[in-house]
Structures are given as C-alpha cells and as structure tokens.
Amino acid sequence: MSKKLKEVSLAYGRTAEMSLRQRLLDLLEVEEKASQMSFEEFLNSVDEDTHAEWVNGEMIMAGPASRRHQEVVKFLVAILNVYVEEHTQGVILPAPFLMRLEDTAREPDLIFLAAQHQDRLHETYLEGPADLVVEIISPESFGRDRGDKFHEYEEAGIPEYWLIDPIRERAEFYQVDEQNRYQLVAPDEDGVYHAAELPDFTLPVDWLWDPPSILQALKSLGFI
C-alpha cells in the first residue's frame, strides 16, 4: 500500500471513529434528558411520607434521620412555634416540606416564612426562598448541607441559614451581608445567638446539645 493510500485510510478511520463517538454522546444525552423529570412530574410521583428532593431534574431520596437529629428538630420546632405565635404572623414548617428554588426543590429540616412572604406558600411546597432555613447535619448530608445547599441558599437570597451538627456539637449561623453573601455570625460572649430574621429571638447554643425541658426553655426566653 502506498504512503498516500495509508494516510487516506488512517484519516478515514479517525473520521469514522469520531463520528461514532459523537453518535454515542448524542444518544447518551438523549437518554439523560429522557430520564429527567419536571418539577410537576416530581410532585406527582411523591406523597407526604416521601422524603425526597428534586435536583436538576432528578429525584434524590433522603436517608433516615438519626434520633439526635430528630431531637434537635423537635426542640427547635417547639420553641420557635411559640415565638412565632407570640411575635410574628409567620409560620414554622419542619420537614418534610419542599422549598422550590431555581433548579432545585429542597427539603430543609426547618424553615421560617415571614408573614409578608406567605404568598409564596402552596399546599405542598414553598415557591421561592424562605426567610430562615435550618439544616441538621448528618454524616450522609455533611457535604450537601455545607456545599451544594449553602451556595443554593445564598444565591436564592435566603437571608439566614443555620447549620447544626449534633454529632460534633457545633452550630454555625450565617446571615447575608450588604453584598448578599453569607457571613458567619458568632454567638455573644455568653454563648447566645441572636437571630436576624426572628426579632428578639435568642438561642443559647448549648441548648442544642443539652436541652432543658420545653417549659423551662420557654420560661427562660420569656415566652410564658
């Protein structure tokens, strides 16, 4: 075979290989798009007992929560519900309740929605950002809560984000600055956190790991 014929043969082979590769990529792209679901399809495929999130057209199932996780949620819901009833016309919603953002529908452990934003509230989900989001970190959710969700919540304009890790007994409280970027806000010298979106609400951080009774907590906070 002449040198020129060999070059033509090699060039044809490379072209055929590239064509086949592109066809395979196109096929994979079609299959990927076909496997994605709209938010409406996602809502129709889950019920109130399903713990799942909608992320970029895919359903992401949530793992089971630990007892410590549930204890922290239960404590916060109890004291925040009383606070909201006494001080605002807002609403506290624990999981499972979806919060739909631009390309995701997340299921935070707890959200607070102020009275002036209740037009965002639908029967089974919140359309748009909450005023406060709380996530209780578990080993399974560590990277997601501190990474993907952190950036999503910041970009969505959620003014306040609490990250609570009951295993490490560490709590981080973020509030947006003038550039709408999260800044870490430390508790005061007595270990008490002052919320931004809940006026006059204070939380002794140690209560998250060693909670008093609900009655004692409410008395200490001046709610009863």
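For the reader, a short list of remarks on this structure follows.
- Residue within segment 156-167 that is farther than 17 Å from L113 by Cα, without any contact (Cβ under 8 Å) to a residue 12 or more places away in the chain and either open to solvent by 30 Å² or more (accessible area, probe 1.4 Å) or of a type outside the set (G, A, S) (or both) present: no
- For segment 124-173, taking the residues that are of a type in the set (K, R) and touching a strand residue (DSSP E or B) at 6+ places or on another chain (Cβ under 7 Å), the one that is farthest from I92 (Cα to Cα) is identified as R146.
- Among the residues making up segment 40-93, a single one is at positive phi and either buried (at least 16 other Cβ atoms within 10 Å of the Cβ) or in a helix (DSSP H, G or I) (or both): G57.
- Filter pass, I111 being hydrophobic (A, V, I, L, M, F, W, C), open to solvent by less than 50 Å² (accessible area, probe 1.4 Å) and part of a strand (DSSP E or B): yes
- Any pair with Cβ under 9 angstrom, 6 or more apart, that starts in segment 185-198 at a residue that is open to solvent by 80 Å² or more (accessible area, probe 1.4 Å) and ends at one that is part of a loop (DSSP other than H, G, I, E, B): H194/V185; H194/P187; H194/D188; H194/D200; H194/F201
- Flag if A186 is under 24 Å from R67 (Cβ atoms) and of a type outside the set (S, T, N, Q): no
- Residues that are closer than 23 Å to R68 by Cβ and open to solvent by less than 60 Å² (accessible area, probe 1.4 Å), drawn from segment 168-183: A171, E172, F173, Y174
- Condition check for D206: under 29 Å from E85 (Cβ atoms), open to solvent by 80 Å² or more (accessible area, probe 1.4 Å) and modelled with pLDDT of 95 or more: yes
The values are calculated or read from the model by the stated rules, or taken from the named source; none is laboratory data. No experiment lies behind these values; they were computed from the predicted model shown. Using ideal geometry, Cβ is built from the backbone for each residue, glycine included, and neighbour counts are taken over all protein chains shown. Calculation scope for accessible area: heavy atoms of the full protein, side chains included, ligands and nucleic acids excluded. Shrake-Rupley method; radii C 1.70, N 1.55, O 1.52, S 1.80 Å.
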